[in-house]
Amino acid sequence: MVDHIMRFTGLPPNFVVGEAQVPNAVATILLDDRKVPQRVIAFNPRFIDAVGRATNSTTWAPMSIMAHEIGHHLSGHTITGTGSQPPIELEADKFSGFILYRMGAPLLEASRAIETLVGPDDSATHPGRDRRMAAIREGWMDACRQQGRADCETLATATTLPATQPGGPTAPAPADTPTVAQPGVPERLPSADPGNLPAKQGGRFVVDESGLLGADERVRLEQQLFEHARDHGVEIALLLVRDLQGLSAEDFAWAMLRQMRIGKLDVGNGAVLVVAPEQNDAGVAMGPGVALAMEGFEGASRLQGWIEQA
């Protein structure tokens, strides 16, 4: 799917694409074994299959999901290392609509995944259904008008695109096209199992794979971090992990900050604390806004001491 989408951009498909323990699909940047940053699109195959079943569209709906993630990379959203917010999600949706028109998808198909799977209400990180469908429509219409068509409004309600469309509708690659491992790239991404994710919307900010925290202590920390995010607009996730998967605790924290999109893109108000007792390592990744605030904080050196002691 990624290779097929990229053919319509005129750019090389230089992404690492692979299955991972993520809830859906994510665009992120991870270090390879030479510590070189790589653009990664990670996906959960069960999620892709579920999208096809839920939308009754096993080709265009999954394709729109992958186009959205590619849009994050091509728009530069993944190089900031801070997080998600509604404007960048709408930019990625607009790209998805634009590229799916060029691939031959009717607007009804280009927006089917969002229409079916996204709720009506906005959240702190993602817009609601109507705004996202409007962004897809905007991108789709832009691509149509660039082809010099005068009947784009009429085509927007059609279930198929005419064969006379410049470039013609093109049958997309099968949704189950296998991916090929690339050399020099980690085979596994840091674990982000849906049941273990800190969620910014009333979900979990504390993950304890080590079992070191008692139930009461975990609940107390969870409540504190939730209230801190609610009251101060700074999102902090605490991860006690069993396996750093070949990374240092600090690199693992940065990977999780990007992959889970902790904090908001424009202000960098997120941080991830990682403790790995079995690897005897601990680290922290702070978004730019948090790091800037910590520069003048008298307890910053004490925090670093705690990290080293842990």
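The values are calculated or read from the model by the stated rules, or taken from the named source; none is laboratory data. All of these numbers come straight from a predicted model, not from anything done at the bench. Accessible surface areas use protein heavy atoms only, side chains included; no ligands, DNA or RNA. Shrake-Rupley method; radii C 1.70, N 1.55, O 1.52, S 1.80 Å.
Solvent-accessible area of region 1-145 (1.4 angstrom probe, protein heavy atoms only): carbon and sulfur portion equals 51 percent. Applying the Kirkwood pairwise sum to the alpha-carbon positions of region 1-151 produces a hydrodynamic radius of 15.7 angstrom. Solvent exposure of Met1, expressed as accessible area, is near 30 Å², computed with a probe of 1.4 Å over the protein chains only.
Here Lys35 sits with roughly 110 square angstrom of accessible surface, probe radius 1.4 Å.
Accessible surface for region 3-43, divided over its residues, is 48 Å² per residue with a 1.4 Å probe.
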